[in-house]
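What follows is one structure encoded as structure tokens, with my remarks underneath.
The values are calculated or read from the model by the stated rules, or taken from the named source; none is laboratory data. Note that the coordinates shown come from a computational prediction; the quantities given were computed from them, not determined experimentally. Here Cβ is always computed from backbone atoms with ideal geometry, including for glycine, and neighbour counts include all displayed protein chains.
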Amino acid sequence: MHGRLYNQATFHIALRPRTPLLIKAGQGQEALDPTLPDMSFVRTLRGGTGEPREEIFIPGSSLRGVVRAHAERLLRTVKPGAACNPLVRDPQKSGTLRPACSPEGRNEDEDDEGRQSRAGAPQAYQQSCYACRLFGNTSIASRVRFSDFFLAGAGEAAAAGVPAPLTETRYGVAIDRVTGAVAHGPFELETVTDALFTGLVEVRNFTVGQFGLLAAALLDLSDGYVAMGYGKSRGLGLVELIFLNLKLRYGPRTPLEPRRLWGVGDLAPAEVLEAYGLRKLAQHDHLEIDAPAGDSQTASSGELTTAPRFLATIELKGEQVRSLLEKATSRWVEEVQ
């Protein structure tokens, strides 16, 4: 299904720390700049209107890892086999890690290389667990993309009531559990206590259940049930996600009611659904959008000749986005079961 485009949801998200946050830079950065703490926040160079400057940011991979890990935790809570174990070792290959998702029921008589070379995209999708179908593995690409989260502009941060980025240096020590003395330290930690980062999260060719699983993980992160970064056991890493807007785009097969969250089960042809094992989702893979018409919707329902890119584009803002996410969270449980 990656060769076609049926639906696409793009979240514009602002991230603000609730508690001090530290996304550690790689080893060696403090050696290049002796003024940095022992554990410094990751940095990058950005241009803008003037000379390139160094500033803190949150890598998309850091947010993606937290969201996927929590999504897998949710899946295993409802159905243990819905998320594979990435640490399963293959006894036939001297205990090496399997390079792809290994859900229950796969033919273990075939080696991994032979199975991957013979299996096409539909077969690889059906052989993957529910988590890998959304976030990808070594056989199929991810349907979700996380951009890097950079510091918001001065105007955007001021509108949200956030001051200029605030950082502080904390100190810690490692205690020897046998003697009770200091084993290592003191060492310095650079934490961000207040700032506003903005970025994008995009998901394509999704079912409503997959959208709901992503929504559940993002909402739990925003509500403080999941921490990210270094020092989570020290109380660091709680963040708030502010959903600025959500843009939904649908392809030319969209039904006549564009003001719905349409899943790929109602958009893809019957032969595609059959090949990918999604036939049961047909006719009910959609969700009503509880939002007033007016300025929250920008849609065109013309023919393909007059709307060659997308048949419908709907934009939700603020609380409308969160309302849709909360409504969609129950659908992944139904789809998994």
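Details
- Filter result for GLU190 (under 26 Å from the mean Cα position of the chain (by Cα), surrounded by 18 or more Cβ atoms within 10 Å (Cβ to Cβ), of a type outside the set (A, V, I, L, M, F, W, C) and over 30 Å from VAL78 (Cα atoms)): yes
- Unmet requirement for ASP220, which otherwise passes all of (1) part of a helix (DSSP H, G or I); (2) charged (D, E, K, R); (3) surrounded by fewer than 17 Cβ atoms within 10 Å (Cβ to Cβ): (3)
- Highlighted here are the strands (runs of 3 or more DSSP E) found entirely within the range 119-182 that include at least 2 residues which are more than 18 Å from the chain's Cα centre (by Cα) and either at pLDDT 85 or above or of a type in the set (Gly, Ala, Ser) (or both): 166-175.
Per-residue answers, yes or no, for (1) among the aliphatic types (A, V, I, L, M); (2) crowded, with 20+ Cβ neighbours inside 10 Å; (3) modelled with pLDDT of 90 or more:
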| site | (1), (2), (3) |
| --- | --- |
| LEU236 | yes, yes, yes |
| ILE242 | yes, no, yes |
| ASN245 | no, no, yes |
| TYR250 | no, yes, no |
| GLY277 | no, no, yes |
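- Failed criterion for ALA158 (all others in (1) loosely packed, with under 13 Cβ neighbours inside 10 Å; (2) free of Cβ contacts under 8 Å to residues at least 60 places away in the same chain hold): (1)
- TYR230 among the aromatic types (Phe, Trp, Tyr) and closer than 16 Å to GLY65 by Cα: yes
- Of all the criteria given as (1) in contact with a Phe, Trp or Tyr (Cβ under 8 Å, 6 or more places away or on another chain); (2) surrounded by fewer than 13 Cβ atoms within 10 Å (Cβ to Cβ), the one not satisfied by ILE140 is (2).
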